[in-house]
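A quick write-up on the structure given underneath.
The values are calculated or read from the model by the stated rules, or taken from the named source; none is laboratory data. Everything numeric in this text was worked out from a predicted model, so none of it was measured. We place every Cβ from the backbone using ideal geometry, glycine too, and count neighbours over all the protein chains shown.
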Amino acid sequence: MYAGSADGTQLPAYVVYKAVNMHDLWTIGGPKGARYNRTPSGWFDMATFTDWFKKIALPYFRKLEGKKVLIGDNLSSHLSVSVIEECEKHEICFVFLPANSSHLTQPLDVSYFRPMKIAWREILLKWKKTEGRKKATVPKDTFPTLLRKLEEKLFQNSASNLKAGFVKTGIYPINRQKILDRLPKLPTLEPADQSQLKDMDDSIVALLNEMRYDGADQPPKRKKKLSVPPGKSGKGVYLQSSSESSSSSADYEPEGEMDCEKTLSQTKSPSGPSPLASGVSDVGGTEIKVGAWLLVNFSVDGETKRKRNLYLGKVFEVVNLTEFEALFVRPTFRSSGSTFSFPQLEDRSAFNVSQVIGAVEEPEEMRRGILKFKVNSTEW
C-alpha cells in the first residue's frame with residue numbers, strides 16, 4: 001500500500017503478504033522505512049489498516065501542526081474505533097471518497113499508479129530474463145528487493161506525480177470544477193438526430209421485449225423419470241420435421257431395445273388392474289378428473305423395493321392426459337386396512353397414468369379426519 005500528500009511527500013510502503021506467518025527473509029532488502037504484514041487473503045482487513053494508520057500515517061501527521069485531513073477509499077476495513085479515537089486526539093479529519101469514484105477522485109489512481117505499473121512491468125520483465133527465468137512467480141523473499149528497485153526508478157518524478165494527482169482531482173487546491181469537467185457529457189443532438197435516436201430506442205425496447213416475453217405464455221414442460229435400469233440405455237424420441245418423409249431413414253431397433261417414446265406415450269399397463277387390489281376399478285387417462293381417488297404404484301421397474309408400494313391419493317391437479325398430481329393418505333394406527341387419513345406433513349406427489357392401478361370409490365368421512373374406503377391395504 002502506498003500513500004502520499006499534496007506537497008509531494010511519499011509515505012513508506014506497507015506490504016501485505018498472503019500468508020499466515022511471517023518470515024525474516026520476506027522483510028530484507030526492501031525500501032527504506034517499509035513495513036511488512038500478512039493476512040490469510042492478502043488483502044487489507046480492519047486490523048491491518050489500523051496497524052498501517054498507527055505505524056505509517058500517524059508518525060507523519062504528528063510532525064504537522066493544526067488540523068490535518070486523511071483521505072481514504074470508501075472501504076469498511078478503513079474504519080475502526082481505535083482509528084477514530086486517534087484521529088480525534090491528533091486533529092485529523094478522516095474523509096471518505098464517494099463510492100465507485102476513485103478513478104476520478106483518488107489522486108494516486110489519477111496520476112501516480114499508472115507510471116508505477118509501467119515501471120513495475122519493466123522490472124519484472126528484466127527479472128524474468130535473468131535470475132527469475134526459472135521461477136513461475138515472484139518469491140516473497142525476492143519481492144522486497146524488486147520493490148526497492150521500483151521506488152528508486154520512480155524517485156525522480158514521484159513528488160511531481162503526487163502533486164499533479166491532487167491538482168487534477170480538485171482536492172488541493174480545492175476546485176470542484178476539475179471533477180465536473182471530467183464527467184462524461186451527453187452529445188448535443190439536432191431535432192432530426194433526436195427523432196432518429198427515439199426510433200432507435202423504440203426498436204431496442206421492442207427487441208428486448210420480444211427476447212424476454214416471447215413464448216412466455218406457453219406452459220413450462222414437465223419432466224418425468226424414465227424406467228431405465230442402471231447400466232442400460234434408452235432409445236431417444238426422434239422428432240421428424242415436416243420436410244422429411246416417413247421412409248427417409250431406415251428403422252433400426254436392436255433386440256431388447258427400450259423405447260423412450262413408448263414409455264412416454266404409454267397410457268395403461270396391458271395387464272390391467274393388479275389382482276391384489278380388490279375394490280379397484282379400471283380407469284383411463286381421459287377419465288381421471290380433479291377430486292378422483294386413485295390407487296397408484298410407486299415401485300421401480302415393477303419390482304417392489306419396499307414392503308408397501310401402492311398408495312391412495314386424491315387428484316388435485318391434472319397436468320395433461322398422462323400426468324397428474326395428488327395428495328396421498330396413510331393407513332391409520334391400528335387400522336383394519338380400510339381406514340386412512342392425511343399425514344400431518346403433506347404428501348404431494350406427481351405420477352403418470354402408467355402408474356395408476358385404478359380408481360376407488362369416494363371414502364366415507366368419519367370423525368377426526370378419518371376416511372373409510374372399500375379397499376383393504378393389508379392385501380397390498
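One table, with the values for the structure above:
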{"item": "Which numbered condition C87 misses (of (1) part of a helix (DSSP H, G or I); (2) touching a Cys at 6+ places or on another chain (Cβ under 9 Å); (3) under 28 Å from L150 (Cβ atoms); (4) hydrophobic (A, V, I, L, M, F, W, C))", "result": "(3)"}
{"item": "Hits in the stretch 154-172 - residues which are without any contact (Cβ under 8 Å) to a residue 60 or more places away in the chain and more than 42 Å from the chain's Cα centre (by Cα)", "result": "F155, Q156, N157"}
{"item": "S203 vs. criteria at pLDDT below 80 and over 19 Å from Y112 (Cα atoms)", "result": "no"}
{"item": "Residues of the stretch 20-64 satisfying the condition of being of a type in the set (A, V, I, L, M) and under 27 Å from K153 (Cβ atoms)", "result": "M22, L25, I28, A34, I56, A57"}
{"item": "Residue ranges of helices (runs of 4 or more DSSP H) in the stretch 105-185 with at least 2 members buried (at least 17 other Cβ atoms within 10 Å of the Cβ)", "result": "107-111, 113-129, 143-168"}
{"item": "Options L104, L150: the member that is modelled with pLDDT of 95 or more and under 40 Å from the mean Cα position of the chain (by Cα)", "result": "L150"}
{"item": "Unmet criterion (only one of (1) assigned to a helix (DSSP H, G or I); (2) of a type outside the set (S, T, Y); (3) under 26 Å from D45 (Cα atoms)) for F94", "result": "(1)"}
{"item": "A119 being within 30 Å of P139 (Cα to Cα) and touching a residue at least 60 places away in the same chain (Cβ under 8 Å)", "result": "no"}
{"item": "Flag for S278 being surrounded by 15 or more Cβ atoms within 10 Å (Cβ to Cβ), modelled with pLDDT under 85 and not basic (K, R)", "result": "no"}
